[in-house]
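K.L.:
Would you mind keeping the following structure in view while I ask a few things?
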Amino acid sequence: MFDPIVLARRNIQKLRPYSSARHEFAGTADVYIDANENSMGSPAGGGLNRYPDPLQSDLKKLVATAKGLSADRIFVGNGSDEAIDLLFRVFCEPRRDRALIFPPTYGMYKVAAAINDVAVDEVFLTSEFQLDLPNIIDRLNAETKLVFICSPNNPTGNSIRRDDIVTVLQRAEGLVIVDEAYVDFSVFPSVTRLIDEYPNLVVLQTFSKAWGLAGARVGLAFADERVISLLNRVKPPYNVSRPAQNVAIDALSEPSNIDKWKEEILTERKALKAFLGQLTFVLAVYPSDANFLLVKFTDAAVVYRFLLDRRIVVRDRRSEPLCEGCLRITVGTRHENLLLMNSLTEFAGRTNDAAASKFQQ
Ligand code: PMP
């Protein structure tokens, strides 16, 4: 029987967590002189002289309703990047335990592992950017404490087959983290429902993408309540600021703009994909369930520099495995996408001119 407590590092199992003032007294009172705050006020107003709720109860209530999960299965972090780092700190014994990742994928898994001095095993995705199950099963062992599956995957954009995720959940002795940062753009549902069945599943989501709050830094982890409790014991006491909690609460209370933007992003993604697909110097536009497209060019370096000269920045992913010649392009506003398309049309004209002049010589 899987027990997340046993999986945690020995020192974390024994840890007596810091108990903050707001943690020790969470009720209401008339006079708060227990936390060494500035009782006079805040230059910014909005109650910012007071520490925020360390366990983000109001926000969790709304997330719980939105996701159909109980609040004790929700962790709120300073971005989902905080949850990634905490998972290493809670579960991986440095220089002994290992993590398993499936490149090309989100770069922070490897960086967080390196920061925590944890070795990483890699099994590349297949040419369809799906999990290579036989090799994954081969690489899983008792030291594999964390397995990261990004779905929809960054930078490829596709979702990972649910059945394959379940196979990894069944085979792994450690935690399987399914990073769903881009799930709101996907036609496939979240795997959060699987938490009931698989206590080794951790699902990451974020307010940074579809919810439009990348600047606020609010990320979510959903898991068995014992996993969440371990993360809460190790996180800094006030890890999510009061303004960050408030804007996330506002977004969840009034999600209509978010739905409208999501529709717009999907419409723009389709238009951009169609446009890119007919350019002669584009070799592939990969299927995307996210708010970006991975695009393979005949000469990505030249296109990248050409766009940069026109003050358009895309993400160069050429050095990632299986991403030779690829740039990752985030879906922008209609106006931004038109600027991109105009520049690429200009590039196409120049390439054609160059080809024609070569032909004439
Ligand atoms: N996971 C994936 C797959 C991402 O692409 C990103 C951000 N680029 C994150 C997590 C981190 O998100 P957050 O802003 O919530 O830290």
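All of the numbers you see were taken from the coordinates with simple rules; none came from a lab. On a predicted model such as this, the values are computed, not experimentally measured, just so you know. Here the Cβ is made from the backbone with ideal geometry for all residues, glycine too, and neighbour counts use every protein chain on show.
K.L.:
With each pseudo-label sitting 7 Å past Cα toward Cβ, what's the D309-S229 distance in nm, one decimal?
P.N.:
6.2 nm
K.L.:
Also: Please tell me which of these pairs span more than 19 angstrom C-alpha to C-alpha: K14/K60; K110/K145; K209/K296; K61/K209; K14/K235?
P.N.:
Distance filter (> 19 Å) returns K14/K60; K209/K296; K61/K209.
K.L.:
So, one more: Projecting each Cα onto the charge dipole of region 248-361 (Lys/Arg +1, Asp/Glu -1 at the beta carbon, about the Cα centre), which of N257, L338, A284 comes out farthest on the positive side?
P.N.:
After comparing all options, I get A284.
K.L.:
Mark the label point 7 Å from the Cα of A64 along Cα→Cβ and return the residues of region 72-98 whose backbone N is within less than 17 Å of it.
P.N.:
Flagged as within label range: 72-77.
K.L.:
Dipole size in debye (nearest 20) for region 106-200 around its Cα centre, Lys and Arg Cβ +1, Asp and Glu Cβ -1?
P.N.:
In total the dipole reaches around 80 debye.
K.L.:
Follow-up. Work out, step by step, the length gained on full extension between S319 and Y18: first 0.36 nm times the residue separation, then minus their alpha carbon distance; give nm to one decimal. If you can, show how the numbers build up before the last one.
P.N.:
Values: separation 301, 0.36 × 301 = 108.36 nm, distance 4.24 nm.
Full-extension gain reported as 104.1 nm.
K.L.:
Please give the charge dipole size of region 149-301, origin at the Cα centre, charges +1 on K and R Cβ atoms and -1 on D and E Cβ atoms. Round to the nearest 20 debye.
P.N.:
Using only the charged Cβ atoms, the result is roughly 280 debye.
K.L.:
To continue, here is another question. Relative to the longest principal axis of the C-alpha atoms of the chain, give the angle of the C-alpha long axis of helix 57-67, reported between 0 and 90° and rounded to the nearest 10°.
P.N.:
Result, in degrees: 50.
K.L.:
Can you give the Rg and Dmax of the chain based on its C-alpha atoms, in angstrom?
P.N.:
That works out to 22.9, 87 Å for Rg and Dmax.
K.L.:
Next up: Cα axis of helix 242-253 to longest principal axis of the chain: angle in degrees, 0 to 90, nearest 10?
P.N.:
That helix lies at roughly 70 degrees to the long axis.
K.L.:
Here's another thing I want to ask about it. Charges on Cβ only, +1 for Lys and Arg, -1 for Asp and Glu, centred on the Cα centroid of the chain; of L327, G77, A35, which one is farthest towards the dipole's positive end?
P.N.:
L327
K.L.:
Also, quick follow-up: Kindly express, to the nearest 10 degrees and within the range 0 to 90, the angle between helix 80-91's C-alpha long axis and the longest C-alpha principal axis of the chain.
P.N.:
Roughly 60 degrees, rounded to the nearest 10.
K.L.:
Next question, about the same structure. Averaged over every viewing direction, what's the projected area of the C-alpha convex hull for region 185-284? Give it in nm², one decimal, please.
P.N.:
Reported value for the Cα convex hull: 9.3 nm².
K.L.:
Sticking with this structure for a sec: Report the paramagnetic label zone for A114: residues of region 66-84 whose backbone N is under 18 Å from a point 7 Å from Cα along the Cα-to-Cβ axis.
P.N.:
81-82, 84
K.L.:
Over all distinct Cα pairs, what is the inverse of the mean 1/r for region 11-103, reported as the Kirkwood hydrodynamic radius in Å?
P.N.:
16.7 Å
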